[in-house]
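These notes are about the structure you will find just below.
The values are calculated or read from the model by the stated rules, or taken from the named source; none is laboratory data. Worth saying up front: this structure is predicted, and the values here are computed from it rather than measured. Here the Cβ positions follow ideal geometry from the backbone for every residue, glycine too, while neighbour counts run over all protein chains shown. In case anyone asks, the SASA skips ligands and DNA or RNA and just uses the protein heavy atoms, side chains included. Shrake-Rupley method; radii C 1.70, N 1.55, O 1.52, S 1.80 Å.
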Amino acid sequence: SAVISQKPSRDICQRGTSLTIQCQVDSQVTMMFWYRQQPGQSLTLIATANQGSEATYESGFVIDKFPISRPNLTFSTLTVSNMSPEDSSIYLCSVGTGRWETQYFGPGTRLLVL
Amino acid sequence: GQQVMQIPQYQHVQEGEDFTTYCNSSTTLSNIQWYKQRPGGHPVFLIQLVKSGEVKKQKRLTFQFGEAKKNSSLHITATQTTDVGTYFCAGPVGNMLTFGGGTRLMVKP
C-alpha cells in the first residue's frame, strides 16, 4: 500500500486563523479523501479531492470553510478557514481506488483551536 | 441519521478473555470493511468481506458477514494488551464509505 505523510502532525491555533494541512503520497493514486474525526468520535468524510478540478464536498461541509487543492496525483491540501474551537479534531487524508473501496489513511493532523 | 451502527461503544476485558463487536446496517451492503485505530494513531485497514455469510480469520481475529449482508461481527479470541484500540466497521452507503461509531476495546493486564 501507499505511504502517506501529513504535515503538520499537530498544531495549536487561535480562533479566527486558518491552517493548511498537506498530504503527500509516495505513488500516484486515483482517489484522495479528507476526513474529520472529532474527539472520541467516528470518521466523517469532508470531501473527495479531485485532481485538476474542484473538490466534491459532502453534506455539511463547504468550500469556503474547507478549501481543498489537488494539483497532481500524489499531493493534496486541506485548509481549515476562520477556525473556531469546534474545529478541534483530527484531520485525516486517505487514498483508495474508489469511493467505496478500502481506505489507507495518513497519520492525521491533530488540531486544537483555542 | 447514522446508517452503520456498532455495539458496544466500549468494552473492558481482562487479558485472555474474548471480545466481540457487532456492526449493523439499515441497508444491504456490497461489502463490509474493518479498521483498527490504536490510541493516538490513525485507522488501519484490517479486512474486507464481500460474500454473504463469509467468514475470514486473521490469527486470533474472526470476521463474519451476515447472510443478508446487513450485519457483521469481529471476534477476538484470548485478547492481549496489543489488541487495545477502537475497531470500526465501514460499508458503502449512498455515495460514500460510511463508518460505524466504533467500539473501543480496553484490555486489563
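Tell me which residues, restricted to region A:12-46, are free of Cβ contacts under 8 Å to residues at least 24 places away in the same chain and over 18 Å from A:PRO85 (Cβ atoms).
To start, the set of residues in region A:12-46 that are free of Cβ contacts under 8 Å to residues at least 24 places away in the same chain comprises A:40-42, A:44-45.
Listed by number, the residues that qualify are A:SER42, A:LEU45.
In region B:63-97, what count of residues is obtained for those that are among the β-branched types (Val, Ile, Thr) and without any contact (Cβ under 8 Å) to a residue 40 or more places away in the chain?
Total satisfying the criteria: 1.
Out of curiosity, is A:LEU78 over 17 Å from B:PHE99 (Cα atoms), open to solvent by 50 Å² or more (accessible area, probe 1.4 Å), more than 14 Å from every other protein chain (Cβ to nearest Cβ) and among the aliphatic types (A, V, I, L, M)? Can you show your working first?
Numbers: over 17 Å from B:PHE99 (Cα atoms): yes; open to solvent by 50 Å² or more (accessible area, probe 1.4 Å): no; more than 14 Å from every other protein chain (Cβ to nearest Cβ): yes; among the aliphatic types (A, V, I, L, M): yes.
Here the answer is no, as A:LEU78 does not meet what is asked.
In the list A:PRO71, A:PRO67, A:PRO85, A:PRO107, which residue meets the criterion of being within 10 Å of chain B (Cβ to nearest Cβ), over 11 Å from A:MET32 (Cβ atoms) and surrounded by fewer than 20 Cβ atoms within 10 Å (Cβ to Cβ)?
Working: A:PRO71 fails: within 10 Å of chain B (Cβ to nearest Cβ); A:PRO67 fails: within 10 Å of chain B (Cβ to nearest Cβ); A:PRO85 fails: within 10 Å of chain B (Cβ to nearest Cβ).
One residue alone meets the criteria, A:PRO107.
Do we find that A:TYR57 is hydroxyl-bearing (Ser, Thr, Tyr), under 22 Å from A:ASP11 (Cα atoms), within 14 Å of chain B (Cβ to nearest Cβ) and within 13 Å of the chain's Cα centre (by Cα) in this structure? If you could, list the steps in order and put the result at the bottom.
Numbers: hydroxyl-bearing (Ser, Thr, Tyr): yes; under 22 Å from A:ASP11 (Cα atoms): no; within 14 Å of chain B (Cβ to nearest Cβ): yes; within 13 Å of the chain's Cα centre (by Cα): yes.
No: the conditions fail for A:TYR57.
Across region A:94-104, which residue is farthest from the other protein chains (Cβ to nearest Cβ) among those that are at pLDDT 95 or above and open to solvent by less than 20 Å² (accessible area, probe 1.4 Å)? Can you show your working first?
Narrowing region A:94-104 to residues at pLDDT 95 or above: A:94-95, A:104.
Among the residues that remain, those that are also open to solvent by less than 20 Å² (accessible area, probe 1.4 Å) are: A:94-95.
On the way: A:SER94: 8, A:VAL95: 11 Å.
Among those that are at pLDDT 95 or above and open to solvent by less than 20 Å² (accessible area, probe 1.4 Å), it is A:VAL95.
With A:TYR35, A:TYR91 as the choices, which residue is open to solvent by less than 50 Å² (accessible area, probe 1.4 Å), touching a Leu at 6+ places or on another chain (Cβ under 7 Å) and within 22 Å of B:TRP34 (Cβ to Cβ)?
On the way: A:TYR91 fails: within 22 Å of B:TRP34 (Cβ to Cβ).
A:TYR35 is the lone residue from the list that is open to solvent by less than 50 Å² (accessible area, probe 1.4 Å), touching a Leu at 6+ places or on another chain (Cβ under 7 Å) and within 22 Å of B:TRP34 (Cβ to Cβ).
Identify the single condition in (1) closer than 21 Å to B:MET96 by Cβ; (2) within 14 Å of another protein chain (Cβ to nearest Cβ); (3) open to solvent by 70 Å² or more (accessible area, probe 1.4 Å) that A:THR44 does not satisfy, given that it satisfies every other one.
A:THR44 satisfies every listed condition except (3).
Give me a count of the residues in region A:10-32 that are open to solvent by 10 Å² or more (accessible area, probe 1.4 Å), closer than 14 Å to A:SER94 by Cβ and within 14 Å of another protein chain (Cβ to nearest Cβ).
The qualifying residues number 1.
Out of all the residues in region A:63-71, is one or more touching a Gly at 6+ places or on another chain (Cβ under 9 Å) and either in contact (Cβ under 8 Å) with a residue 24 or more places away in the chain or not small (Gly, Ala, Ser) (or both)? Break it down into steps so the answer makes sense when it comes.
Here is the first cut: in region A:63-71, the residues touching a Gly at 6+ places or on another chain (Cβ under 9 Å) are A:70-71.
If we keep only those that are either in contact (Cβ under 8 Å) with a residue 24 or more places away in the chain or not small (Gly, Ala, Ser) (or both) too, we end up with A:70-71.
Yes, some residue in region A:63-71 is touching a Gly at 6+ places or on another chain (Cβ under 9 Å) and either in contact (Cβ under 8 Å) with a residue 24 or more places away in the chain or not small (Gly, Ala, Ser) (or both).
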